[in-house]
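Down below is the structure, laid out as structure tokens.
The values are calculated or read from the model by the stated rules, or taken from the named source; none is laboratory data. Since we're looking at a predicted model, the values are computed, not measured. Please note: Cβ atoms are built from the backbone with ideal geometry, for glycine as well, and neighbour counts cover all protein chains shown. SASA here: full protein model, heavy atoms, side chains in, ligands and nucleic acids out. Shrake-Rupley method; radii C 1.70, N 1.55, O 1.52, S 1.80 Å.
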Amino acid sequence: MRQVLGWLALAGLVVGLASAGCGKGDSGGEASSTGSSAQGGTDKKLVVGFSQIGAESAWRTANTESIKSEAEKRGIELKFADAQQKQENQIKAIRSFIAQKVDVIAFAPVVEEGWEPVLKEAKEAGIPVFVSDRRPAVPEDLYVTFIGSDFVKEGQMAAEWLAKKMDGKAVIAELTGTPGSAPANDRKKGFEEVLANHPDMKVVFSQTGNFTRAEGKQVMEALLKSDVGKTINALYAHNDDMALGAIQAIEEAGKKPGVDIIIVSIDGVKGAFDAMIAGTLNCTVECNPLLGPYLFDAIEKFKKGETLPKRIVIEDKFFDQTMAAQELPNRKY
Ligand code: AHR
């Protein structure tokens, strides 16, 4: 009996180790084993390792869903690893993909810096790397192409909309994204570039809410209790989730979001459209998370020998309260 139990325990350990080897949050086994081959009719499936940042926002959830469903649709085997906001987890996942000899590595870098060594390892192993969503600060020869929105332009669009709405006069609070990330850096930069032409528009407060609703709310609660917080009449949030958290805090403080404080944010998720229809959010600049079709198109073209541009830009537009009700039924995320 004791020997049987021993064998069962060993078998359990082997199964556990096998799944741990796929990384935390891995869903590699989810890709369908049916469907057309990604390699032009041969039986061998294309294997793609994808390192995702985490699940910090509605945008990210839609992005993950788009990557997973598109891989499944195309019969591509996806090894998916969720890094839970940690760069070290992404580096581990990429190393594990290299060790597993996947055909392609794709990733969305949580921050800009610190990727060169691991991407050099992928290059030395002969595995092409595709960058999705956020830019890493590395030489261009370390990846095939970077697919995603222009975050600087998004920041500019947000500022231009606000300048028009407020007639060039505003006391602004800014909720920034994850420190060191491309969208936080670029959305700040784009916003400030436009503000440079509007001397009566000033950012008097800027703090990170890490792209989450909970932190957006917390930071806004503390701000509204301070002397500076009492002076603000505009909020620029680097994503919708933080804006939605801040809206709750503004309401709880007895003020009217969208009226006492004019709010512009970025992403264009359904929750933002609901808030615009309710009158609590004034404008959202779209950032399309549905990158799955673009990513796998690029990978498949590359595999067929086509040359790709180093940058594939996804075009975005803005929506304000006047457009929200008409646009909501068309929203896919
Ligand atoms: O990198 C894209 C950004 O990351 C989105 O704007 C934000 O919501 C997300 O978490």
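Consider all pairwise Cα distances in segment 265-333 and report the whole-number % of them above 21 Å.
39
Using a 1.4 Å probe on the protein chains only, how many percent of the accessible area of the chain belongs to carbon and sulfur?
55
Quick one: which residues, 5 or more positions from Glu174 or on another chain, have an amide H under 5 Å from its amide H? H modelled 1.01 Å from N in the peptide plane, none for Pro or chain starts.
Under 5 Å from the amide H of Glu174 lie the amide H atoms of Phe205, Ser206, Gln207, Tyr236, each far enough along the sequence or on another chain.
How big is Rg to Rh over the chain, alpha-carbon atoms, Rh as the Kirkwood inverse-mean-distance radius?
Rounded to two decimals, Rg/Rh equals 1.05.
Calculate how steeply helix 182-195 sits against the longest principal axis of the alpha-carbon atoms of the chain, using the helix alpha-carbon long axis, and give the answer as 0 to 90 degrees to the nearest 10.
That helix lies at roughly 20 degrees to the long axis.
Have a look at the DSSP beta bridges in segment 242-333 and tell me what percent are antiparallel, nearest 5.
For segment 242-333, the DSSP antiparallel bridge percentage is about 40.
If packing is taken as the average number of other Cβ atoms within 10 Å across a peptide's residues, how do 232-245, 261-274, 53-66 rank, most packed first?
In descending order of packing, they fall as 232-245, 261-274, 53-66.
Taking 0.36 nm per residue of separation and subtracting the Cα-Cα distance, what length does fully extending Glu193 through Gln326 add?
44.8 nm
Amide H to amide H under 5 Å from Phe318: which residues, 5+ apart in sequence or cross-chain, H placed 1.01 Å off N in plane?
The answer is Glu286.
Ile261's amide H: which non-local residues (gap 5+, or another chain) put their own amide H closer than 5 Å, with H modeled 1.01 Å from N in plane and none for Pro or chain starts?
Lys256
Which whole-Hz ³J(HN,Hα) couplings does segment 98-103 yield from phi under the Karplus relation 6.51 cos²θ - 1.76 cosθ + 1.60, θ = phi - 60°, glycine and proline marked x?
5, 4, 7, 6, 5, 6
Ignoring ligands, DNA and RNA, what accessible area per residue does segment 128-171 give at 1.4 Å, in Å²?
36
Taking a point 7 angstrom from the Cα of Ala137 along the C-beta vector, which residues in segment 76-113 have backbone N less than 16 Å away?
From segment 76-113, the list is 87, 109-113.
In nm, give the distance between the simple-model label positions of Ala125 and Leu290, each being 7 Å from the Cα along the Cα-to-Cβ direction.
3.3
Taking the simple approach of a point 7 Å from Cα along Cα-to-Cβ for both Lys256 and Lys202, what is their distance in nm?
So the label points at Lys256 and Lys202 sit 2.7 nm apart.
In square angstrom, rounded to the nearest 10, how much accessible surface does Tyr294 have for a 1.4 Å probe?
Spelled out: Tyr294, probe radius 1.4 Å, area about 100 Å².
Between segment 123-157 and segment 159-201, how far is it from one alpha carbon centroid to the other, in angstrom?
If we compute the Cα centre of each part, the gap is 24 Å.
In sequence order, what are the phi-derived ³J(HN,Hα) couplings for segment 45-55 according to the Karplus relation 6.51 cos²θ - 1.76 cosθ + 1.60 with θ = phi - 60°, rounded to whole Hz, with x for glycine and proline?
7, 6, 10, 10, x, 10, 9, 9, 5, x, 9
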